[in-house]
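Read the figures in this text as sums done on the coordinates, not as results from a lab. On a predicted model such as this, the values are computed, not experimentally measured, just so you know. Neighbour counts are summed over all protein chains in view; Cβ atoms, including those assigned to glycine, are modelled from backbone coordinates with ideal geometry.
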C-alpha cells in the first residue's frame, strides 16, 4: 500500500505571496492532519480534517487554512507569507479520527520564504 | 493539558551500546503515547505506541519502551545501537479533546563507530 505523499517536496516563495501544499493520504484513511516543523518551535499541530470537515485546529493565525476533498486528499494554504513561515510542513493520515488513531506521516514539503 | 518532555536534546552512544532516550509525560487521564523517528530529510516514522494494553511495548527496529505510571515516564530503549539508528526521535502524546499529537522537542541520537 502506498504511503502518504506530499507535493511539492520543496518550494521557494517570496514574502507576501501565497502557497498551496497538497497531501494524499494512505488509501482508506479518512483523517488528515497537518503539522509545522521548525528548529525553534519544533512540531506544532495546524489542523485536522475528517470527512471533508475541519475537526480540530491548532493555534495558528487565519492565514493558515486547509480543506479536504471527497477522496480524502487535502490541501493547506498559507496566504501573505512571512519569513517565519519557512518550515517543513508535514501531513499525516490515519484510519480514524480521534485518540486512538495512529498517524502515518508523509515526507513533508520544505517551504522557504525569502 | 497533556504534554511530553524529552530530557536531552542530543544523545551520543557508541555502536553496540545501550540506547536510552527519556520521555516524561503530563496527563490528567490515561495517555496514548508514541515514539516517532525522523531520518534526515524525511517525515516521521512510527516506532511504537502505548495504548494501555501492556506496559512494555515493542516496536520496530529492536526498540521498546516501558510505560511507568508512578514515574510518568515512557523511555525508549534499544539494547545495542547500530549506525543506522542515528536520527532524531520524538515522543508524543495524544492531546486535546479531538486527538491531535503533541510532540516533545526531540532528541538527536548520534552513533559513534
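General observations
- So residue A:26, is it assigned to a loop (DSSP other than H, G, I, E, B) and more than 9 Å from chain B (Cβ to nearest Cβ): yes
- One residue stands out in the stretch B:101-113 among those that are part of a strand (DSSP E or B) and away from chain A (no Cβ under 14 Å): the one that is farthest from the chain's Cα centre (by Cα), namely B:112.
- Summed over the stretch A:56-85, residues that are touching a strand residue (DSSP E or B) at 6+ places or on another chain (Cβ under 6 Å), away from chain B (no Cβ under 14 Å) and surrounded by 19 or more Cβ atoms within 10 Å (Cβ to Cβ) total 6.
- Options B:95, B:104, B:99; residue that is surrounded by 19 or more Cβ atoms within 10 Å (Cβ to Cβ) and on the phi > 0 side of the Ramachandran plot: B:99
- At least 1 residues being within 15 Å of the chain's Cα centre (by Cα) and touching a residue at least 12 places away in the same chain (Cβ under 8 Å) is the threshold, and among the strands (runs of 3 or more DSSP E) wholly inside the stretch B:1-100 those reaching it are B:3-7, B:10-14, B:19-26, B:33-38, B:44-50, B:64-68, B:73-78, B:87-95.
- Check on residue B:49, within 14 Å of another protein chain (Cβ to nearest Cβ) and either under 26 Å from residue A:41 (Cβ atoms) or surrounded by 14 or more Cβ atoms within 10 Å (Cβ to Cβ) (or both): yes
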